[in-house]
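Okay, so here's the structure we're looking at.
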Amino acid sequence: MEKSFVVSAPGKVIIFGEHAAVYGKVCISLSFPAFRNYSIISSVFLSCYSLLIIHIRSLYILPLVFNRNLIIIFHFVLTFFPSPPFSFSALQKPAIAAAVSLRTYLLVSPNGDKDKDFIKLDLPDIDFSHSWKISDLPWSIIPSNNVDNTPVFRPKPTESLIPEVVSKLSEFIYDITNPIHYNSAYAFLYLYLFLLNKSTPACTFTIRSTLPIGAGLGSSASMAVCLAASLSILGTHVSPPTLQYDDFSITNSTDSSFIDSWSFMAEKCIHGNPSGIDNTVACHGGAIMFQRMKSSIPSVKTLIKNFPTLKLLLTNTAHPRKTSDLVSKVASLTNQFPLVSGSILDAIESLTKEAYNLIIRPFFDNDSKNRLRDLFRINHGLLVSLGVSHPSLEKVKLLADKLDLGETKLTGAGGGGCAITLLKDDIDTSKIDSLLNQYQNEGFEAFETTLGGKGVGLMYPSVNPSTNLNDPTVDLSHFTPNGFISIESKINIEKFIGIENNPEWRFW
């Protein structure tokens with residue numbers, strides 16, 4: 001490797017369908033409870049001519065059958081076994097997630113002769129730096145047959161992490177005590193072993209991000225995609241991208257799919273059992289409508305590549321919340337008031353589908369934008385009804401509503417975290433500045449950003465990255481590890497290397 005390069009991937013927000021995506025459209029698989037005369041009952045079922053069972057949320061089940069014996073059996077089971085004798089596997093309700101223009105950037109720099117035997121991972125935003133000797137890494141335990149059937153024989157990710165590799169890697173990161181640092185190093189080394197080899201020239205990997213960490217905005221997936229993309233380039237598993245920022249042509253998708261698949265493996269290193277939604281949005285950009293399945297089945301994902309770019313204000317309340325607690329809260333409400341909460345979840349599903357139909361229109365006009373803002377308002381109200389808002393989120397909404405800037409809703413699990421405001425067009429910038437000042441006084445961190453936009457991209461900084469070549473503030477020394485680390489703020493990171501300001505960027 002002779003010169004440095006940078007890769008970048010966006011974060012994400014869920015714009016519709018929070019919490020409803022946990023509950024679902026019901027398919028039915030029969031499973032009987034353990035009780036006597038099991039063989040007799042099962043034989044009666046097998047002798048039926050036909051059977052249709054409809055799940056009714058409040059009334060248990062309603063059997064519609066064409067066999068009198070079966071009706072008797074149902075009566076017997078429902079009388080003596082008050083818990084349902086069936087398990088319902090759900091095709092869950094849809095949700096929509098979209099890329100945001102806040103991004104992660106990864107600089108890959110060749111090491112000099114002094115450090116030619118070591119690879120280094122730098123994450124200055126979380127105060128982490130670590131290096132490893134390349135020859136010490138456990139190359140011998142990496143399977144040699146993990147390749148796909150393409151002509152270039154690219155490494156193929158496995159269904160799950162390989163236990164032997166996981167165990168061996170723990171010996172190289174045992175001294176890292178911070179969980180975020182540990183998971184970052186773990187994901188990096190796991191992908192490094194599978195995508196490169198010990199003869200690959202040593203490099204330093206420096207990661208900067210404009211995404212808040214731990215705010216539900218996909219910061220780990222954005223990093224995972226950057227790791228997968230940079231290592232895929234170094235290993236020559238993918239070709240350099242060709243699409244410019246304003247080019248929405250459809251190109252060869254196998255490279256982006258390859259990066260996506262390996263970023264999913266990195267997400268498994270970090271989260272254990274991720275949905276795969278965050279890394280897909282970070283890799284492909286635009287938006288995605290998804291429906292989660294039961295854990296053994298992959299999510300159903302529908303990519304929306306040409307998602308209309310929309311102005312957004314993203315506000316981080318910085319109030320901590322635990323997703324599992326909020327999911328449990330909705331589950332408790334659903335169990336206590338199944339009809340009421342079921343109607344709310346159905347309404348969220350309906351507006352998610354309505355939003356999807358708006359988004360995929362060939363011509364997304366002002367009327368479409370207004371309707372989408374209305375759906376923001378409705379979705380937030382429904383989530384409030386489920387009890388997952390928080391005073392800090394309501395404060396964000398109240399201040400934006402007072403200035404009539406657009407419509408605001410919570411995003412993600414709720415209970416704190418972030419809110420998003422879909423801004424009206426042609427807003428007086430003084431109003432936005434006023435709102436930003438009010439948010440700052442409340443202790444909130446707000447970002448002017450956009451929905452949709454590009455996924456993973458690459459840039460070779462061979463020329464001055466500023467569109468104004470006479471700009472004296474731009475210094476190519478920033479494309480060294482120390483220079484990259486020295487960029488002081490998120491605003492300066494975007495200003496210096498952001499994809500909107502730099503014509504050198506190309507995208508898969």
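The values are calculated or read from the model by the stated rules, or taken from the named source; none is laboratory data. Predicted model, so just to flag it, every value in this text is computed and none were measured. Neighbour counts are summed over all protein chains in view; Cβ atoms, including those assigned to glycine, are modelled from backbone coordinates with ideal geometry.
Inside region 69-116, residues that are modelled with pLDDT under 95, of a type in the set (D, E, K, R) and under 32 Å from the mean Cα position of the chain (by Cα) make up a count of 1. Selection of region 204-222 for residues being touching a helix residue (DSSP H, G or I) at 6+ places or on another chain (Cβ under 7 Å), in a helix (DSSP H, G or I) and within 16 Å of residue 127 (Cα to Cα) yields only 220. When 227, 243, 314 are checked against the criterion of being assigned by TED's automatic domain parsing to the domain that holds residue 395, hydrophobic (A, V, I, L, M, F, W, C), more than 14 Å from the chain's Cα centre (by Cα) and surrounded by 15 or more Cβ atoms within 10 Å (Cβ to Cβ), a single residue qualifies: 314.
Yes or no: region 431-442 includes at least one residue that is within 21 Å of residue 369 (Cα to Cα), free of Cβ contacts under 8 Å to residues at least 40 places away in the same chain and assigned to a helix (DSSP H, G or I). Within region 431-442, one or more residues are within 21 Å of residue 369 (Cα to Cα), free of Cβ contacts under 8 Å to residues at least 40 places away in the same chain and assigned to a helix (DSSP H, G or I). Of 333, 372, all but one fail to be surrounded by fewer than 21 Cβ atoms within 10 Å (Cβ to Cβ), outside the structural domain of residue 217 (by TED's automatic domain parsing) and not aromatic (Phe, Trp, Tyr); the exception is 333. Scoring residue 377 on the criteria (1) outside any helix (DSSP H, G or I); (2) surrounded by fewer than 20 Cβ atoms within 10 Å (Cβ to Cβ) leaves a single failure, condition (1).
For region 100-119, enumerate the residues that are farther than 22 Å from residue 457 by Cα and either part of a strand (DSSP E or B) or among the β-branched types (Val, Ile, Thr) (or both).
Matches in region 100-119: 118, 119.
Examine region 172-190 for a residue that is surrounded by fewer than 15 Cβ atoms within 10 Å (Cβ to Cβ), closer than 23 Å to residue 481 by Cβ, modelled with pLDDT of 95 or more and of a type in the set (S, T, N, Q), and state whether such a residue exists. Yes. Looking at the structure I just gave you, is residue 415 assigned by TED's automatic domain parsing to the domain that holds residue 381, at pLDDT 95 or above and crowded, with 20+ Cβ neighbours inside 10 Å? Criteria not met by residue 415.
Could you list all residues from region 228-247 that are in contact with a Lys or Arg (Cβ under 7 Å, 6 or more places away or on another chain) and in a loop (DSSP other than H, G, I, E, B)? Within region 228-247, 237, 240, 241, 242, 244, 245 qualify.
Looking only at residues in region 263-293 that are in a loop (DSSP other than H, G, I, E, B) and in contact with a helix residue (DSSP H, G or I) (Cβ under 7 Å, 6 or more places away or on another chain), the one that is surrounded by the most Cβ atoms within 10 Å (Cβ to Cβ) is 292.
Restricting region 246-260 to residues that are of a type outside the set (Asp, Glu) and either surrounded by 19 or more Cβ atoms within 10 Å (Cβ to Cβ) or touching a strand residue (DSSP E or B) at 6+ places or on another chain (Cβ under 8 Å) (or both), the residue that is modelled with the lowest pLDDT is 251.
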